[in-house]
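For reference, the structure is listed below as structure tokens.
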Number of protein chains: 2
Amino acid sequence: MSEKETTRTEISELGEFGLIDLLTKNISIKNKSTIKGVGDDTAVIEKDKEKYSLVTTDLLIEGVHFDMIYTPLKHLGYKAAIVNFSDIVAMNGNPQQLIVGLSASNRFSVEALEEIYSGIYVACEKYGVDLVGGDTTSSPSGLFFGVTAVGEVAKDKIAYRSTAKSGDLICVSGDLGGAYMGLLILEREKKVFQENPDIQPDLDGNDYVIGRQLKPEARLDIIKKLEDAKILPTAMIDISDGLASEILHICKSSDVGCALYEEKLPIDATTSGAANEFGLDPTTAAMNGGEDYELLFTISQSDYEKIKNISNISVIGHITDKSEGSNLISTSGHAVEIKAQGWDALRKE
Amino acid sequence: MSEKETTRTEISELGEFGLIDLLTKNISIKNKSTIKGVGDDTAVIEKDKEKYSLVTTDLLIEGVHFDMIYTPLKHLGYKAAIVNFSDIVAMNGNPQQLIVGLSASNRFSVEALEEIYSGIYVACEKYGVDLVGGDTTSSPSGLFFGVTAVGEVAKDKIAYRSTAKSGDLICVSGDLGGAYMGLLILEREKKVFQENPDIQPDLDGNDYVIGRQLKPEARLDIIKKLEDAKILPTAMIDISDGLASEILHICKSSDVGCALYEEKLPIDATTSGAANEFGLDPTTAAMNGGEDYELLFTISQSDYEKIKNISNISVIGHITDKSEGSNLISTSGHAVEIKAQGWDALRKE
């Protein structure tokens, strides 16, 4: 009786961001308390005279975002919380509350759900967040999370995607591409295991990148370091879909271009090693691999002296005029237009 | 490599509320801004001097909460928004923002998602709510919603579940059991249709109860009427799982008992008629049928004169001392202990 359609456009034709643009193009804001709706890491809502409230929801779907074959339940709970904390942090905010919606099929026991929750609690404890609610329900098959984090930020400290200016320096925390290489290794060992369950997975030497995939962190430490150094990012986003995708979000939202320098990209030796093993360019892993949950942000050039000695932050390029486009300057000096080929849960289907 | 367990307890052994109790029993609150965590219709977070912020998440899962065979896509979007607005209203609050997480398999086209969103927008428009964000992703099969609503309430107006007092009058808005009868009729016609697709569904005369199932409303009108009449509910909850389940939540949270009067239960003639057709006691539909999204609330006896002439509100009983238990006084005068046999998405599996 439903699902009657005259034309049919496949979701994969649009991809996640095209679909979101289409579905949200007619939004009109009615409440004074709504400061920022769709289009940044979180929604921004008026809180009090000094602060904004930040709210964000992420879905994690078995078979799309995680594979139970190689994801320990406790890690899964931890990650479900962290990816939401990371969105709050990307607004330069502090996560404070978490609401967990969890739908599980009867394949999962009570003990399994307790294990997932134990990971959620570890994340909450570590980040000073309160678990304040949720919804728990059955599912016809598989495991599904709908997790919401609430946080706050001082009004004069909020970092949007849309406020980068030409000349700003582009910075990134930590290192990139590791989570993606961890995923490739886990997928490889899954195949080996499925073909011959007697063979134990060979994860030797890859602890770092596997940890990056299974147990990411939100970089609350970085925004605290920036605050201590009195550096206010001019724009910020977290890297969930790959550096290429995220810098293009900043450029599009801010109506600017960028120049990133390949030689400046922070890539861990383990990540490079694993990439080489897979015949992949480590730069590709860094640019298009997702789920590192590092922070990508821009700062005023005048803050360079303050930032250059902060550990775990790399200056990787600068914002340009829009007319110059968005380019990666390769180690050999060629400018290559940046395209988002990253993790896109809707195109990958 | 994961899911290794020594003992295995089935989720269905605990049910939704037993499971939530177990998973949340060790919560400790760390943030001053967290006013109320798990255990009410929404989480309650400090906003400013006068107001609290309210946040709630509900999951809607295809095959558990809705069936695409008889659920129009637009209605589905509308309902996904409404069930969350209803939670905000049940705290005596105003919904203001909505965040929609939507996961759809490639069975769903872009046009189908647009139709779902059109229902979400109608709900937002009607209730003065802004759609401020979301997450859209693929799913291996089926359609999942993880929807979050944000609202606010004046601190001196908030209505918890836990503050009903012995002697308070128990009130309910609208009428009960209709959504459940609508569901039974839709399920019956689905079976007929599946056995013989040439037979058109026979929904004649049942528009009202089918509408109750497919297009519920959040009773924002009722809390406005109460405010206009200067009545502050002493406790409130929305009826998503059936009157029996909800009154027991109030009694447990408030550490009181109750007496409900069968003859006072508001049941529409269409609901009674449909119940009779199915050989069901209409009282059973009212007590244990879910998804009416009416408000169940308690008021001080001294407010009786103010409430008795407000339309769409019925006084159905009173709060008693805990020692008297929770009872339904039947039309014949017998006291029957109330048990929650209602809609429970985890036991029904």
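A search for C-beta distances below 8 Å between a residue of segment B:137-166 that is free of Cβ contacts under 8 Å to residues at least 24 places away in the same chain and under 23 Å from B:K79 (Cβ atoms) and any residue that is of a type in the set (A, V, I, L, M) and assigned to a strand (DSSP E or B), counting only pairs 6+ apart in sequence or on different chains, returns nothing. Which one is surrounded by the fewest Cβ atoms within 10 Å (Cβ to Cβ) among residues in segment A:15-35 that are modelled with pLDDT of 85 or more, farther than 16 Å from B:L98 by Cβ and at the interface with chain B (Cβ under 8 Å from one of its Cβ atoms)? It comes out as A:L22.
The rows are residues; the columns are (1) within 17 Å of the chain's Cα centre (by Cα); (2) among the charged types (D, E, K, R); (3) buried (at least 19 other Cβ atoms within 10 Å of the Cβ).
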| position | (1), (2), (3) |
| --- | --- |
| B:V64 | yes, no, yes |
| B:I69 | no, no, no |
| B:L73 | no, no, yes |
| B:A90 | yes, no, yes |
| B:L102 | no, no, yes |
| B:F108 | no, no, yes |
| B:A112 | no, no, yes |
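Of the strands (runs of 3 or more DSSP E) lying entirely inside segment A:127-188, those containing at least 3 residues that are more than 14 Å from chain B (Cβ to nearest Cβ) and crowded, with 23+ Cβ neighbours inside 10 Å span A:169-173. Contact map, segment A:182-201: first residue at pLDDT 85 or above, second residue among the small types (G, A, S) and surrounded by 19 or more Cβ atoms within 10 Å (Cβ to Cβ), Cβ cut-off under 7 Å, separation 6 or more or different chains; pairs are A:I185/A:A274. The sole residue among B:V64, B:V38 that is outside the structural domain of B:L295 (by TED's automatic domain parsing), assigned to a loop (DSSP other than H, G, I, E, B), under 23 Å from B:Y160 (Cα atoms) and at pLDDT below 95 is B:V38. Of the residues in segment A:93-104, at least one is more than 9 Å from chain B (Cβ to nearest Cβ), more than 19 Å from A:L295 (Cα to Cα) and either part of a strand (DSSP E or B) or in contact with a Gly (Cβ under 8 Å, 6 or more places away or on another chain) (or both). Scanning segment A:39-87 for residues that are acidic (D, E), at the interface with chain B (Cβ under 7 Å from one of its Cβ atoms) and over 19 Å from B:G146 (Cα atoms) yields one hit, A:D48.
Within segment A:109-123, take every residue that is hydrophobic (A, V, I, L, M, F, W, C) and more than 7 Å from every other protein chain (Cβ to nearest Cβ) and give me the one that is farthest from B:L23 (Cα to Cα).
Of the residues in segment A:109-123, the ones hydrophobic (A, V, I, L, M, F, W, C) are A:110, A:112-113, A:116, A:120, A:122-123.
Filter once more, so that each one left must be more than 7 Å from every other protein chain (Cβ to nearest Cβ): A:116, A:120, A:122-123.
Working: A:I116: 10, A:I120: 11, A:V122: 13, A:A123: 15 Å.
So the residue we want is A:A123.
Confirm whether B:Y121 is in contact with a Ser or Thr (Cβ under 8 Å, 6 or more places away or on another chain) and among the aromatic types (F, W, Y).
Working: in contact with a Ser or Thr (Cβ under 8 Å, 6 or more places away or on another chain): no; among the aromatic types (F, W, Y): yes.
So B:Y121 fails the test.
For segment A:1-8, the condition of being buried (at least 16 other Cβ atoms within 10 Å of the Cβ), touching an Asp or Glu at 6+ places or on another chain (Cβ under 8 Å) and within 7 Å of another protein chain (Cβ to nearest Cβ) holds for none of the residues.
The values are calculated or read from the model by the stated rules, or taken from the named source; none is laboratory data. Owing to the predicted nature of the structure, the values given are computational and were not obtained by experimental measurement. Methodologically, a virtual Cβ is constructed for each residue, glycine included, from the backbone with ideal geometry; neighbour enumeration extends over all protein chains shown.
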